[in-house]
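Contents: one structure, followed by commentary.
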Amino acid sequence: MSYLQKQQRRRYGTGKTTHTDYALYYHLIWAVEEGLPLITQEIEEVLKKFLVKKCKALEIILIAVEMAKNHAHLILSLKPTHYIPDLVQALKGSSSYFINNHTNMDFALYWERGYSIRTISEMNMDNAKHYVLNQKKYHGIEGKTSSSKAGLKSALGTTQTP
Ligand SMILES: [Zn+2]
């Protein structure tokens, strides 16, 4: 392993034990139901704080999280024992529940069924992080999406990860 790779692993929180070495990075995206632009600045802040805590509880290292008005991007570092359908369900389900029960919105926030997930190689991590953390810039003005499929599609549109 090169020095650079070692540095990257340290930075992004790769697990390493005596017998197991892994680097499992994923770019996860999910959308608001019907692609509605419901993620206001206030909701976004609550969501981010919640997801940070939830990931910790699930032993997921949350490398980056950013929101657009109608979808969420997360970069995760997982363990080999993580089962993706369960953890996505846990993140989506608990976050919308939390929003709907701990904020004073005039509407309920529901996530679209399904999600998009891509692997991120160590070499591509900086690009992926840059893309996620600059969501608002990449998407320009958000909230124009009218159909749910278009919501996730536009969310995925310029993803740089494979
Ligand atoms: Zn996006």
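The values are calculated or read from the model by the stated rules, or taken from the named source; none is laboratory data. Note that the structure is a prediction, hence the values are computed from the model and not measured. Every residue, glycine as well, gets a Cβ built from its backbone with ideal geometry; the counts of neighbours run over all protein chains shown.
Given (1) more than 12 Å from the chain's Cα centre (by Cα); (2) acidic (Asp, Glu); (3) not in a loop (DSSP other than H, G, I, E, B), identify the lone condition not met by residue 106.
For residue 106, the exception is condition (3).
Among the numbered criteria (1) buried (at least 20 other Cβ atoms within 10 Å of the Cβ); (2) more than 18 Å from residue 134 (Cβ to Cβ), which one does residue 90 miss?
Evaluating residue 90 over (1) buried (at least 20 other Cβ atoms within 10 Å of the Cβ); (2) more than 18 Å from residue 134 (Cβ to Cβ) leaves (1) as the failure.
With the requirement that a residue be within 17 Å of residue 105 (Cα to Cα) and either modelled with pLDDT under 95 or β-branched (Val, Ile, Thr) (or both), what does segment 46-68 give you?
Correct list: 46 only.
Among the residues of segment 90-124, write down those that are over 19 Å from residue 44 (Cα atoms) and either away from the ligand (no atom under 16 Å from the Cβ) or out of contact with any helix residue (DSSP H, G or I) (no Cβ under 9 Å at 6 or more places or on another chain) (or both).
113, 119, 121, 122, 123, 124, listed by residue number.
Identify all residues within segment 27-46 that are farther than 23 Å from residue 122 by Cα and either in a loop (DSSP other than H, G, I, E, B) or in contact with a Phe, Trp or Tyr (Cβ under 8 Å, 6 or more places away or on another chain) (or both); write none if there are none.
Once the filter is applied, which keeps residues that are farther than 23 Å from residue 122 by Cα and either in a loop (DSSP other than H, G, I, E, B) or in contact with a Phe, Trp or Tyr (Cβ under 8 Å, 6 or more places away or on another chain) (or both), segment 27-46 yields 31, 32, 33, 36, 37, 38, 39, 40, 46.
Testing residue 130 on (1) within 14 Å of the ligand (Cβ to nearest atom); (2) over 14 Å from residue 66 (Cα atoms); (3) of a type outside the set (Lys, Arg), one condition comes back false. Which one is that?
Among (1) within 14 Å of the ligand (Cβ to nearest atom); (2) over 14 Å from residue 66 (Cα atoms); (3) of a type outside the set (Lys, Arg), the lone unmet condition for residue 130 is (2).
I need the full set of residues from segment 55-66 which are within 12 Å of the chain's Cα centre (by Cα) and not aliphatic (A, V, I, L, M), in order please.
55, 66
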